[in-house]
Structure formats: C-alpha cells, structure tokens
Amino acid sequence: MTAPTDEAPIGYPEASEKGLKGGALGLVSSVVVGMASTAPAYSLAASLGLVVASGGALLAGVKAPAILVLAFIPMYFIAVSYQELNKAEPDCGTTFTWASRAFGPMVGWLGGWGIIAADVIVMANLAQVAGSYSYTLVGLTDLADSTLWSTVAGLVWIAVMTWICYKGIEVSARLQYALLGIEVVILIAFSVVALAKVWTGHAESYSLTPSLSWLWPGGLSFGDVVAPALLTAFFIYWGWDTAVACNEETDDPGRTPGRAAIISTVLLLLTYAVVAVATVAFAGTGTDGIGLGNPENAADVFHAIGPALFGDSVMGKIFMALLAASILTSASASTQTTILPTARTALSMGVFRALPRAFARVHPKNLTPTVATVGMGLVSAVFYLAFTALGTNLLTALIGSIGLMIAFYYGLTGFVCVWYYRKTLWHTPRDLLMQGIIPLLGGVIMLATFAYGLKQFLDPSGSPTTPGRRSRSSATARWASPGCSRSASASS
C-alpha cells in the first residue's frame with residue numbers, strides 16, 4: 001500500500017463528487033454536533049449511578065469521577081486516530097472507508113455495519129426516551145407510562161428528526177445549538193446548586209465534602225471495580241465521532257472535523273467530571289434514600305436527587321421541570337445526530353458499492369443523502385415497532401450489545417491508523433506519537449474492553465444489559481411531576 005496522501009483512493013470519487021454541501025459547518029458547529037450526539041444529560045442520568053454502585057453494592061463509590069477521567073483516556077486516543085486519518089482522507093464513511101483502504105473491503109464493510117447496527121439499535125431506545133419524556137414534561141404521566149402512547153410519540157420523534165436531517169445539514173446544526181445549549185445550561189445549574197449547598201452547609205447529613213482524591217482511582221481493584229465501571233463510562237462518551245462523519249460538509253474537511261472530535265471529548269470530560277463530583281458530593285454513596293448506592297436510583301440519578309436538591313418551592317418545581325426538559329432535549333438531539341452519521345456512512349458505502357447504488361443519491365437542493373437518510377428513519381421505526389411488540393426485555397438485551405459494536409469499530413479505527421501510517425509514522429517524533437503509539441494504545445484498550453464485554457454478555461448468570469449511555473429507558477417512568485415531594489423521591 002502506498003503512503004497516505006490527501007487524494008482519494010483509486011477508484012473512489014473525490015469528496016465533492018458525492019454532492020454533499022461543503023463548507024456548511026464550522027469548528028463550533030462541528031463541536032456542537034459531536035457533543036450533542038453523546039446525549040450528555042441523559043447519559044449521566046442513566047449511567048452515573050451504575051458507575052457508583054451495581055446491584056446495591058458499591059462499585060466505584062466516591063471514585064466515580066476518577067472512572068470518568070480514566071474513560072476519557074482511550075476516548076482521546078481514538079479521537080486522535082480519527083483526527084489523523086481524517087487529515088489523509090476526509091471521507092464521510094470514516095471507519096468504513098479507512099478500514100477498506102488499510103485492511104481491505106471486507107474489514108471496511110464490517111466496520112461500516114458496526115456503525116449502522118449500533119445506531120439503528122440505539123435509535124429505538126432514544127425514541128422511547130424522547131416519546132415518554134414528551135408526556136412527562138407536560139404532566140401526562142399516565143401516557144408516559146403507556147407503552148402504546150410512548151411508542152406513538154417515539155415514532156413521531158423519529159419522523160421529525162429524519163425530516164430535519166433530510167432538509168439540510170445547516171438546519172440540523174442550528175437545532176443542535178438550541179438543544180445542546182438547554183441541557184448544558186441545566187447541567188451547570190444543577191452542579192452549581194449542589195456544590196453550593198454542600199460547601200455552605202445547607203446539604204443533609206448524607207452529603208460529602210468534595211476531594212481531589214475523587215479524581216484519582218488509587219485503591220480500586222482493576223478486575224472487580226475499574227474494568228466493569230469503565231465499561232459503563234466508555235459509552236457515556238460515545239457519539240463524538242459524528243463530528244467526523246460530517247467531515248465533507250465542513251469548511252476545512254482535512255482539519256476541522258478532527259479538531260472538533262478532540263475538543264468534543266475534552267469538553268465532555270470537563271462536563272462529566274464536574275457533574276459527577278457535584279452529584280456524589282450532594283447525594284453521597286449511601287444505599288438508602290437518595291444515596292447513589294441505592295439500586296432504586298441507578299436508572300436516573302437526577303430523578304432521585306432533584307426534589308431533595310431543589311425543594312418544593314415554585315423555583316424548585318421549575319428546576320425539576322427543567323431537569324425533565326434536559327433529558328428530553330438530550331434524547332431528541334441525540335436522535336437527530338444518530339441519523340446524521342449513519343446516513344453518511346451508508347452514503348459512502350453506496351458510493352463504494354458496499355451497499356446498493358441507490359444509497360449514494362444526494363438531494364439536488366438540500367444536498368443531503370436521500371435514500372440513506374430516509375432509509376435510516378424507516379429502518380429505525382420498523383426496528384422500534386418490532387422489538388417493542390416482542391417485548392422490552394429483548395430490546396434491552398440488544399441495547400446491551402451496542403457496547404460491543406462501539407468497542408469494535410472504535411478499536412478498529414485505532415489499529416487502522418497505525419497500519420495506514422506504518423510507512424511514514426517514523427519520520428518525526430510527533431508522527432510516531434500521534435499516528436502510532438496513541439492510536440495503538442487506544443485500539444488495544446478497546447480490544448480489551450470488547451473482550452471483557454463479550455465475556456460479560458455471554459455469561460448466563462450476568463445481566464444481559466451492558467451499561468451504556470442510552471440503555472436505561474426505564475428511567476422515563478421514574479420521573480414524577482415537577483411538584484413531586486422529596487419523601488416520594490426517597491422512597492421510590
């Protein structure tokens with residue numbers, strides 16, 4: 001194989017030939033899309049309790065922020081891999097295209113299908129969350145608890161977000177500014193109020209004083225604590241690669257997407273670390289009441305903490321409503337940004353004839369994938385309907401498998417980067433580090449995570465659900481109305 005260049009592979013069209021709208025996204029827009037795809041508010045609500053404890057037994061405990069810091073490291077390594085590969089070949093197929101060039105079409109095909117399968121499965125969960133929270137936000141808790149009406153609302157969300165993605169990348173980006181802005185502002189407000197109450201002595205006896213030691217994993221057993229907690233924390237970060245999947249539509253395809261991926265992961269680290277510290281400090285790690293060690297709180301830590309944090313005043317009710325709104329905007333934003341990369345992966349696969357040629361079609365006016373976008377929406381809707389009808393247990397088990405798919409295609413990208421640059425990475429110390437050592441470490445860590453997750457998933461005595469950023473749809477049924485009492489929360 002020849003040394004990497006800025007040219008497309010032989011027989012593969014230039015980016016402009018796909019017909020996507022170049023220059024539509026700048027650096028800020030790309031970062032917003034990358035962060036929104038991870039669903040920060042819902043990821044934390046559904047996963048933080050699982051990092052702290054498992055089945056009522058403490059896992060990471062007060063060291064939960066340290067686990068999130070550790071999880072950032074391999075995510076950063078893989079983000080570097082994306083950045084370096086994108087410099088050489090800014091193609092919207094990302095892992096599919098890069099793996100095809102490095103290891104051949106079969107490996108690339110598997111990488112592309114890993115992305116598509118993970119996104120289609122997770123769309124069912126996102127639609128369920130968005131549908132149920134739509135009713136919860138307006139106080140219709142009976143409808144929120146109804147499988148039928150939640151499914152109807154979820155299908156509406158899929159249709160709306162598919163239509164927005166079809167209309168244009170710029171429309172999608174503008175919506176993401178609003179949706180991400182809402183959840184980030186609410187998360188910051190949540191953290192500020194929680195820390196202020198702890199430091200001013202207005203928190204209850206279960207609260208803990210934050211310590212820098214919470215950010216260091218010293219004293220934790222790797223096999224019993226760190227590995228299973230990391231398996232959850234890894235997938236809290238999943239989704240930033242959407243920024244790279246939109247590379248052909250950025251103002252500088254060779255640089256902007258890679259920089260956006262790096263910036264997105266760093267901003268996610270800061271967000272998650274602050275919120276985790278604030279949550280652990282205010283709620284503590286006890287197994288009763290709002291303690292994060294209480295298994296009843298694992299599905300949604302914000303539901304458990306919110307009433308105790310904000311109280312029953314008018315402002316407290318407003319903040320509780322805003323917390324519910326942040327979960328809704330988080331799930332709906334991620335629904336949209338899940339369609340974006342999947343459609344572009346399918347588009348690239350269509351151009352490369354790894355999928356039927358029809359998937360390569362681009363709308364002449366909107367300059368977006370047509371068959372790929374609409375197809376993603378339809379397949380997601382059918383999948384959602386089918387597995388809702390078959391039962392939520394099967395859907396939960398399938399959602400658990402998403403972690404394996406993510407570890408597979410993220411890890412594959414790390415190994416692809418090393419092989420892609422194997423003849424040139426020795427030229428400078430910088431190239432050796434950024435194109436060799438860091439991607440290789442990222443790939444190895446993801447491979448180890450994949451092996452651990454597969455072992456856990458196949459263990460008949462274990463839970464079929466791999467803890468993930470969007471795998472706890474049951475959380476939607478746990479939110480009471482904005483005026484729910486603190487005592488009700490503690491006993492839930």
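Got at least one residue in segment 283-293 being farther than 15 Å from THR38 by Cβ, under 18 Å from the mean Cα position of the chain (by Cα), among the small types (Gly, Ala, Ser) and part of a loop (DSSP other than H, G, I, E, B)? For segment 283-293, residues farther than 15 Å from THR38 by Cβ, under 18 Å from the mean Cα position of the chain (by Cα), among the small types (Gly, Ala, Ser) and part of a loop (DSSP other than H, G, I, E, B): absent. Residues of segment 193-208 that are among the aliphatic types (A, V, I, L, M) and free of Cβ contacts under 8 Å to residues at least 60 places away in the same chain: ALA196 alone. In segment 128-179, how many residues are of a type in the set (Gly, Ala, Ser) and not in a helix (DSSP H, G or I)? Here the count works out to 3.
Listed conditions (1) under 23 Å from ILE236 (Cβ atoms); (2) surrounded by 23 or more Cβ atoms within 10 Å (Cβ to Cβ) are all met by PRO307, apart from (1). Scoring VAL244 on the criteria (1) surrounded by 22 or more Cβ atoms within 10 Å (Cβ to Cβ); (2) closer than 18 Å to LEU44 by Cα leaves a single failure, condition (2). Considering every residue within segment 101-120, establish whether at least one is out of contact with any helix residue (DSSP H, G or I) (no Cβ under 8 Å at 6 or more places or on another chain) and closer than 25 Å to ALA381 by Cβ. Within segment 101-120 (the criterion being out of contact with any helix residue (DSSP H, G or I) (no Cβ under 8 Å at 6 or more places or on another chain) and closer than 25 Å to ALA381 by Cβ), the answer is yes, since at least one residue qualifies. Scanning segment 50-90 for residues being assigned to a strand (DSSP E or B) and not hydrophobic (A, V, I, L, M, F, W, C) gives a total of 1. When the residues of segment 205-216 are narrowed to those that are surrounded by 14 or more Cβ atoms within 10 Å (Cβ to Cβ) and either in a loop (DSSP other than H, G, I, E, B) or of a type in the set (Val, Ile, Thr) (or both), which ends up farthest from the chain's Cα centre (by Cα)? Across segment 205-216, the extreme among qualifying residues is TYR206. Out of ALA88, ALA130, one residue alone is in contact with a Pro (Cβ under 6 Å, 6 or more places away or on another chain) and either of a type in the set (S, T, N, Q) or surrounded by 20 or more Cβ atoms within 10 Å (Cβ to Cβ) (or both). It is ALA88.
The single condition from (1) within 27 Å of MET123 (Cβ to Cβ); (2) in contact with a helix residue (DSSP H, G or I) (Cβ under 6 Å, 6 or more places away or on another chain) that ALA321 fails is (2). For segment 62-81, the condition holds for no residue, the condition being that it is of a type in the set (Lys, Arg) and within 16 Å of SER348 (Cα to Cα). The single condition from (1) of a type outside the set (Lys, Arg); (2) free of Cβ contacts under 8 Å to residues at least 12 places away in the same chain; (3) outside any helix (DSSP H, G or I) that GLY93 fails is (2).
Condition check for ALA321 on (1) part of a helix (DSSP H, G or I); (2) farther than 23 Å from GLU183 by Cβ: one failure, at (2). Is it fair to say ARG361 is at pLDDT 90 or above, among the basic types (Lys, Arg) and in contact with a Cys (Cβ under 6 Å, 6 or more places away or on another chain)? When the stated conditions are applied, ARG361 does not pass them.
Taking the conditions exactly as written (assigned to a helix (DSSP H, G or I), under 16 Å from the mean Cα position of the chain (by Cα), among the hydrophobic types (A, V, I, L, M, F, W, C) and at pLDDT below 85), does ALA46 satisfy them or not? Here the answer is yes, as ALA46 does meet what is asked.
Set side by side, the residues ILE188, ILE164 differ, and just one is over 27 Å from SER380 (Cβ atoms) and at pLDDT 90 or above, which is ILE188.
For segment 380-398, the count of residues that are out of contact with any Leu (no Cβ under 7 Å at 6 or more places or on another chain), over 19 Å from TYR82 (Cβ atoms), surrounded by 21 or more Cβ atoms within 10 Å (Cβ to Cβ) and modelled with pLDDT of 90 or more is at least one. In segment 244-265, the condition of being at negative phi, aliphatic (A, V, I, L, M) and in contact with a Lys or Arg (Cβ under 8 Å, 6 or more places away or on another chain) is met by at least one residue.
Looking across segment 273-304 at every residue that is hydroxyl-bearing (Ser, Thr, Tyr) and surrounded by fewer than 24 Cβ atoms within 10 Å (Cβ to Cβ), the one that is nearest to ALA41 (Cα to Cα) is identified as THR285.
The values are calculated or read from the model by the stated rules, or taken from the named source; none is laboratory data. From a predicted model like this one, the values you see are computed outputs, not experimental measurements. All Cβ positions, glycine included, derive from the backbone under ideal geometry; neighbour counts span all protein chains shown.
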